[in-house]
Amino acid sequence: GVLSAGEARNRLRWADGKTIKNEVDLQVLHLLGPKTEADLEKKTKAAKARPAMVEKQKVAVVNGEVGTETRSLLEQLRGEALKFHKPGENYKTEGYVVTPNTMALLKQHLAVTGGQVRTRFPPEPNGILHIGHAKAINFNFGYAKANGGVCFLRYDDTNPEKEEEKYFTAIREMVEWLGYQPYAVTHASDYFDQLYTWALELIRRGQAYVCHQKVEEIKGHNPPPSPWRDRPVEESLLLFEDMRKGKFGEGEATLRMKLVMEDGKMDPVAYRVKFTPHHRTGDKWCIYPTYDYTHCLCDSIEHITHSLCTKEFQARRSSYFWLCNALDVYCPVQWEYGRLNLLYTVVSKRKIIRLVETGAVRDWDDPRLFTLTALRRRGFPPEAINNFCARVGVTVAQATMEPHLLEACAREVLNEQAPRAMAVLEPLKVTITNFPAPKALEVLVPNFPADESRGFHKVPFQSTIYIEETDFREEVDKGYKRLAPGQPVGLRHAGYVVSVQNIIKDASGHVIELEVTCTKSDVAEKPKAFIHWVSEPLACEVRLYERLFLHKNPEDPAEVPGGFLSDLNPDSLRVVHNALVDNSVLSTRPFDKFQFERLGYFSVDPDSTEGKLVFNRTVTLKEDPGKA
């Protein structure tokens with residue numbers, strides 16, 4: 001029978017309600033499939049506060065089923081799955097503004113693109129990409145790929161102060177790591193000349209003016225209208241030229257567009273003065289265009305068909321259409337989708353910099369963070385991140401997800417991809433006193449026990465082996481099945497069962513060695529359990545990670561009054577300096593992945609040296625019930 005969430009809660013009175021809800025949600029999704037447009041329709045009627053236009057221009061909610069049969073992102077994004085317009089049919093989109101020139105411009109647009117779908121991923125090159133960007137990358141590149149189109153990687157480098165080369169390279173690397181190839185790599189700064197020419201044209205058309213209001217005067221709610229709004233066109237043209245020549249100080253003059261935005265914001269700024277050399281154009285310019293001015297015009301220049309952006313840009317949709325139409329240039333369609341957020345983490349650049357400065361994490365790629373470089377370093381396969389994005393689905397609603405759903409995606413992929421090896425984190429020496437051979441035997445271990453056709457590796461087996469300290473107890477209590485006096489245990493893959501004969505302790509009474517005898521499995525009584533072991537092992541360092549923060553929303557003052565830095569988990573990193581691993585992993589390279597039997601999935605860290613390998617634990621083998 002199926003329990004309702006309420007019944008489940010009564011039966012499991014001490015369980016965390018949210019965990020139950022998560023589980024019930026997943027089960028329901030599994031049984032009934034994703035919600036359809038019809039299910040969602042009812043809710044939208046109730047929410048009358050939203051403008052109708054926004055409501056109708058809605059991305060269909062296509063949530064992949066949870067389970068191995070998640071509909072791939074490509075299936076979700078193909079053709080009719082989303083209610084997107086076909087290239088050249090921009091005017092069929094709800095809220096698209098049609099001018100007397102629209103049809104002619106769309107005809108020219110189709111002549112350039114041949115009717116191809118074109119999208120772009122437009123990050124600012126002033127930080128490292130995080131898990132939320134993975135959704136944007138998958139959505140933009142995925143939509144183009146699913147519909148036989150192309151996607152541009154365009155760096156939105158209009159802000160000269162913050163850009164550093166390392167961000168440009170890291171962004172491209174991560175796009176490619178997720179499995180996508182940009183059609184072209186462009187920069188907003190490639191178009192600075194064209195944008196300047198268009199700004200002059202906008203002034204000539206009486207749609208922009210030079211203004212001297214200070215930033216603080218324009219800020220806030222209901223700022224006073226500009227006293228310079230109606231100055232003559234010729235005057236604005238001369239003053240804008242003066243701005244370009246550096247005759248105004250920073251903040252003394254801006255170019256503003258004449259329009260009112262959805263949120264009531266008046267006359268957004270198109271250009272501001274900044275005496276900062278630019279990463280790519282040097283000191284050619286001392287005026288730089290803003291996002292509101294640049295974005296739609298770059299989309300227009302590149303003949304983008306679908307400009308996909310997150311929900312917070314909804315308020316800028318009208319300025320997007322207005323500006324293209326004010327200049328009579330091709331106007332793409334802006335579509336919004338919900339952001340993807342993750343609990344127990346922070347992703348803002350400012351906050352990560354604080355974590356690095358205070359030494360809470362090592363750098364941008366510290367495996368406890370959810371930047372894409374950090375996830376790669378921790379050992380998350382790119383397919384797991386893409387599958388996670390597919391499961392979240394391409395929804396309009398903002399999705400806030402639990403990290404354990406991402407971890408579940410990782411387990412699924414790693415189970416197929418990561419060959420098995422044996423490692424011991426807290427070694428206990430075991431000597432086999434009746435070892436059957438004068439020298440080491442060779443044991444064949446399958447790389448993937450479920451599919452032996454994928455090969456084997458050899459592991460030496462000799463009279464000295466090491467097992468996990470926790471796999472031995474002097475006293476047996478109920479339910480304990482592993483090694484103890486009078487309770488033999490099997491050694492995985494070796495074909496032997498061992499029994500304790502003698503326990504050797506140090507002066508403080510701590511067990512430091514066991515002497516055991518071995519019997520071949522086929523003649524011994526079947527043991528209650530099998531344990532892993534290593535012999536002639538390599539010493540290695542293993543880093544075990546837990547959540548970086550204690551609360552779900554470390555940035556929420558209601559949950560964490562002391563601020564996110566006060567919420568750090570003191571046990572987020574445990575380093576095991578002298579772990580032992582079987583020597584089948586000897587010739588590995590950074591980012592190679594293994595399943596250490598019974599311990600979890602591990603990835604080789606770039607800190608590894610010739611002399612010592614370093615492994616990061618990506619995820620445990622099973623979800624820890626205490627964590628959900």
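Of note:
- Of 481/505; 439/520; 166/349; 429/505; 593/622; 86/107, pairs whose Cα-Cα distance is over 19 Å: 481/505
- GluC sites (Glu not before Pro) restricted to region 550-628 and DSSP loop, no more than 10 other C-beta within 10 Å: 610
- Reach of residue 145 by Cα under 15 Å, taken over aspartates and glutamates that are not fewer than 8 positions away in the same chain: 75, 80, 176
- Using the Cβ-Cβ distance between residue 247 and residue 91 with R0 set to 41 Å, the FRET efficiency from 1/(1 + (r/R0)^6) comes to roughly 0.45.
- Seen from residue 142, the other residues with C-beta closer than 11 Å to its C-beta sum to a net charge of +2, counting Lys and Arg as +1 and Asp and Glu as -1.
- Label-point separation in nm, residue 98 to residue 565, each point 7 Å along Cα→Cβ: 5.7 nm
- Relative contact order of region 427-533, defined on C-alpha pairs under 8 angstrom at six or more residues apart (%): 29 percent
- Helix runs (DSSP H) in the chain reaching 30 Å along axis by Cα, Kyte-Doolittle at least 0.0: none
- When the pairs 458/612; 83/135; 247/274 are compared against a 23 Å limit on Cα-Cα distance, every pair falls at or below it.
- Here the spin labels are modelled as points 7 Å beyond Cα on the Cα-Cβ line, and at residue 164 and residue 524 they lie 5.6 nm apart.
- Pairwise FRET efficiency - residue 462 versus residue 426, Cβ, R0 = 22 Å, nearest 0.05: 0.60
- Ratio Rg/Rh, restricted to the chain and using Cα atoms, in which Rh is the Kirkwood radius: 1.07
- Alpha carbon centroid spacing (whole Å) that separates region 457-481 from region 88-165: 57 Å
- Think of it as helices only: each DSSP H run of n ≥ 4 in the chain is worth -39500 (n - 2.57), and spread over all residues that comes to -8500 deg cm²/dmol at 222 nm.
- Region 427-533, accessible surface, carbon-and-sulfur percent (1.4 angstrom probe): 49 percent
The values are calculated or read from the model by the stated rules, or taken from the named source; none is laboratory data. Since the structure is predicted, the reported quantities are computational estimates derived from the model, not experimental observations. Neighbour counts are summed over all protein chains in view; Cβ atoms, including those assigned to glycine, are modelled from backbone coordinates with ideal geometry. Each accessible area value is taken on the protein alone, full model and side chains, heavy atoms only, with ligands, DNA and RNA left out. Shrake-Rupley method; radii C 1.70, N 1.55, O 1.52, S 1.80 Å.
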